[in-house]
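Working notes, beginning with the structure itself.
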C-alpha cells in the first residue's frame, strides 16, 4: 500500500459493481489524488510556485525535524515517569506542518491530540506542550493564537466545534477559515459526518483534514470503512474531497492553500485526506507490534516525509551536510532547554482545580477548596 496513491486495500470498485444498465445515470463524482515528490525526492509533476521559495521549503523541513526530535524527547520523559501518555507524529509530520503553514494567523485551528507540528508552527512553545501532556492544563493556555482551540483527545468531537466556529465566522462576515484536523478513525464517528453535513448545507469557511495513517489504534482501515477513499465522504456532504500524498509536504501545503483560499472566498468547505502511515505506536500506552507486522512498518519507512524532502532539497542545492549538522544541534538544544523549563515548573496547588469552574464557586465546592488549601472554617 503506497502513500503515492491510495485505494482501500481489498475494496471492490464501485464502478465495477453490477447495476441495472437500463437506468439513467443522474450524477457522477470523482476524487483526485495530489502528489509532487516521490519517496526518493524526485519530482513527479510540475511543482507549485511556492516550491521555488528555498526559505519556505527549508522552514518546512526544519519544523518537521524539530517535531521528530521533540517527540523522541517526550517519549523518553514518559518512559522515565516524568510525562503522561503521549502521542507521537512519527511518519506523519508533513500533515500538521504542511496544513499550518498554509494558514493565516487569524484563522482558527482545531487540532487533535497528534497535531503538535501545527501548534509549534503557530507559535506554541515546546514546554507548553509538555505541560499539557504532563497533566497540567496551563499548557493549554499557550503562546499560539488565543483563538486556536486546545488539544482534543476525544475522537472526532472537535468537528462539531469547528462547524460552530466556521458558522460564527460566516455570520460575522469575517474573511477567516476554521481548520479541523483529525485521524481516519474519526471519519467513522457520527460527530464528524454531522459536522460535515452542517458545513455543506451552510457553505461554511471550513477545511476538514484527515490524517489517514491506516490505523485507528489497532483497527485497520479495511475494518473501519467500505469506502475506496476517505475523501469521497465529502461528496455525500455536498463539497469537494481531495486525496493527497501525506508523505509529501509540498502536496499537503499546496492542497491546503487551495482549500483554505476557496473557503475564505465563500466557496464553502473542503475536505483533504492525507494518506500517510503511523510509523510508531498509537501512543506511549500502545504496543503496535501486537497487531502490525514489522515488515509492513518497515516498507512504509521508505515513504516518510523528512527523508523525502531532504533528498529533494539536497538535489536542488538548497541543503547541505553542514546545514543538517547545524540543524540537529539547534533542535537538540531547543528540545533540551524546553524539557528543563518544563521539569522546573512548579506544580499547581491541588485547590486550584476549582478556580475555573464557576464565576462564583458554590458553597459546597468552596468548602472543599478551603479544605484542600489547609484552611479551616471558623
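Which residue, of 303, 295, is surrounded by fewer than 18 Cβ atoms within 10 Å (Cβ to Cβ) and either farther than 24 Å from residue 242 by Cα or in contact (Cβ under 8 Å) with a residue 12 or more places away in the chain (or both)?
On the way: 303 fails: surrounded by fewer than 18 Cβ atoms within 10 Å (Cβ to Cβ).
Of 303, 295, the one residue that is surrounded by fewer than 18 Cβ atoms within 10 Å (Cβ to Cβ) and either farther than 24 Å from residue 242 by Cα or in contact (Cβ under 8 Å) with a residue 12 or more places away in the chain (or both) is 295.
Evaluate the following for residue 340: is it surrounded by 10 or more Cβ atoms within 10 Å (Cβ to Cβ), under 28 Å from the mean Cα position of the chain (by Cα) and outside any loop (DSSP other than H, G, I, E, B)?
Values: surrounded by 10 or more Cβ atoms within 10 Å (Cβ to Cβ): yes; under 28 Å from the mean Cα position of the chain (by Cα): yes; outside any loop (DSSP other than H, G, I, E, B): yes.
The answer is yes for residue 340.
Mind telling me which of the residues 77, 69, 130, 83 ends up being part of a loop (DSSP other than H, G, I, E, B), over 19 Å from residue 253 (Cβ atoms), assigned by TED's automatic domain parsing to the domain that holds residue 51 and touching a helix residue (DSSP H, G or I) at 6+ places or on another chain (Cβ under 7 Å)?
Numbers: 77 fails: part of a loop (DSSP other than H, G, I, E, B); 69 fails: part of a loop (DSSP other than H, G, I, E, B); 130 fails: part of a loop (DSSP other than H, G, I, E, B).
Going through 77, 69, 130, 83 in turn, the sole match is 83.
Find the residue count for the stretch 245-286, including only residues that are assigned to a loop (DSSP other than H, G, I, E, B) and either closer than 23 Å to residue 42 by Cβ or in contact (Cβ under 8 Å) with a residue 40 or more places away in the chain (or both).
Pass one, the stretch 245-286, residues assigned to a loop (DSSP other than H, G, I, E, B): 246-248, 265-269, 276-286.
Then drop every residue that is not either closer than 23 Å to residue 42 by Cβ or in contact (Cβ under 8 Å) with a residue 40 or more places away in the chain (or both), which leaves 246-248, 266-269, 276-286.
The number of residues fulfilling the criteria is 18.
Which condition does residue 144 not pass, out of (1) without any contact (Cβ under 8 Å) to a residue 60 or more places away in the chain; (2) in contact with a helix residue (DSSP H, G or I) (Cβ under 7 Å, 6 or more places away or on another chain); (3) surrounded by 21 or more Cβ atoms within 10 Å (Cβ to Cβ), if it passes all the others?
Going through the list (1) without any contact (Cβ under 8 Å) to a residue 60 or more places away in the chain; (2) in contact with a helix residue (DSSP H, G or I) (Cβ under 7 Å, 6 or more places away or on another chain); (3) surrounded by 21 or more Cβ atoms within 10 Å (Cβ to Cβ), residue 144 breaks only (3).
Collect the residues in the stretch 6-40 that are modelled with pLDDT of 75 or more and crowded, with 17+ Cβ neighbours inside 10 Å, keeping them in residue-number order.
So in the stretch 6-40, the residues modelled with pLDDT of 75 or more come out as 20-40.
Listed by number, the residues that qualify are 31, 33, 34, 35, 36, 37, 38, 39.
I'd like the residue in the stretch 86-106 that is assigned to a loop (DSSP other than H, G, I, E, B) and under 9 Å from the mean Cα position of the chain (by Cα) and, out of all such residues, is nearest to residue 67 (Cα to Cα).
If we filter the stretch 86-106 for residues that are assigned to a loop (DSSP other than H, G, I, E, B), which is where we start, we get 86-92, 102-106.
Of the ones still in play, those that are also under 9 Å from the mean Cα position of the chain (by Cα) are 89, 92.
Working: 89: 8, 92: 10 Å.
Within the stretch 86-106, the match that is nearest to residue 67 (Cα to Cα) is 89.
Please verify whether residue 277 is crowded, with 19+ Cβ neighbours inside 10 Å and assigned by TED's automatic domain parsing to the domain that holds residue 31, treating the condition exactly as stated. Break it down into steps so the answer makes sense when it comes.
Working: crowded, with 19+ Cβ neighbours inside 10 Å: yes; assigned by TED's automatic domain parsing to the domain that holds residue 31: yes.
Yes; evaluated as a whole, the condition is true for this residue.
Tell me the residue from 76, 163, 94 that is out of contact with any strand residue (DSSP E or B) (no Cβ under 6 Å at 6 or more places or on another chain), surrounded by 22 or more Cβ atoms within 10 Å (Cβ to Cβ) and either at pLDDT below 95 or closer than 30 Å to residue 39 by Cα (or both), please. Talk me through it step by step, then tell me what you get.
Working: 76 fails: surrounded by 22 or more Cβ atoms within 10 Å (Cβ to Cβ); 163 fails: either at pLDDT below 95 or closer than 30 Å to residue 39 by Cα (or both).
Answer to the selection: 94.
State yes or no: is residue 117 touching a residue at least 40 places away in the same chain (Cβ under 8 Å), touching a helix residue (DSSP H, G or I) at 6+ places or on another chain (Cβ under 9 Å), under 19 Å from residue 336 (Cα atoms) and surrounded by 22 or more Cβ atoms within 10 Å (Cβ to Cβ)?
Numbers: touching a residue at least 40 places away in the same chain (Cβ under 8 Å): yes; touching a helix residue (DSSP H, G or I) at 6+ places or on another chain (Cβ under 9 Å): yes; under 19 Å from residue 336 (Cα atoms): yes; surrounded by 22 or more Cβ atoms within 10 Å (Cβ to Cβ): yes.
Yes.
Would you point out which residue out of 120, 109 is assigned to a helix (DSSP H, G or I) and in the same structural domain as residue 35 (by TED's automatic domain parsing)? Even if it seems obvious, please write down each step before you answer.
Details: 109 fails: assigned to a helix (DSSP H, G or I).
After ruling out the rest, the residue left standing is 120.
Would you point out the residue of the stretch 173-184, among those that are under 18 Å from residue 276 (Cα atoms) and in contact with a helix residue (DSSP H, G or I) (Cβ under 9 Å, 6 or more places away or on another chain), that is surrounded by the fewest Cβ atoms within 10 Å (Cβ to Cβ)? Break it down into steps so the answer makes sense when it comes.
First pass over the stretch 173-184, keeping only residues under 18 Å from residue 276 (Cα atoms): 180-184.
Retained after the next criterion (residues that are in contact with a helix residue (DSSP H, G or I) (Cβ under 9 Å, 6 or more places away or on another chain)): 180-182, 184.
Values: 180: 32, 181: 29, 182: 28, 184: 24.
Within the stretch 173-184, the match that is surrounded by the fewest Cβ atoms within 10 Å (Cβ to Cβ) is 184.
Pick out the one residue from 311, 322, 289, 333 that is over 22 Å from the mean Cα position of the chain (by Cα), crowded, with 16+ Cβ neighbours inside 10 Å, at pLDDT 95 or above and part of a helix (DSSP H, G or I).
Going through 311, 322, 289, 333 in turn, the sole match is 311.
Considering only residues that are closer than 20 Å to residue 130 by Cβ, part of a helix (DSSP H, G or I) and modelled with pLDDT of 95 or more, which ones fall in the stretch 343-370?
Within the stretch 343-370, 343, 344 qualify.
Applying the selection to the stretch 199-224, what residues are in contact (Cβ under 8 Å) with a residue 12 or more places away in the chain, touching a strand residue (DSSP E or B) at 6+ places or on another chain (Cβ under 9 Å) and either assigned to a helix (DSSP H, G or I) or outside the structural domain of residue 255 (by TED's automatic domain parsing) (or both)?
Selection gives 199, 221.
What number goes with the only condition from (1) in a helix (DSSP H, G or I); (2) without any contact (Cβ under 8 Å) to a residue 24 or more places away in the chain that residue 317 does not pass?
So residue 317 meets the others, but not (1).
Considering the stretch 147-179 alone, what residues qualify as being under 19 Å from the mean Cα position of the chain (by Cα), in contact (Cβ under 8 Å) with a residue 60 or more places away in the chain and either more than 23 Å from residue 95 (Cα to Cα) or assigned to a helix (DSSP H, G or I) (or both)?
166, the sole residue that qualifies.
The values are calculated or read from the model by the stated rules, or taken from the named source; none is laboratory data. Source: prediction; values computed, not measured. Positions of Cβ are backbone-derived with ideal geometry, glycine not excepted, and every protein chain shown enters the neighbour counts.
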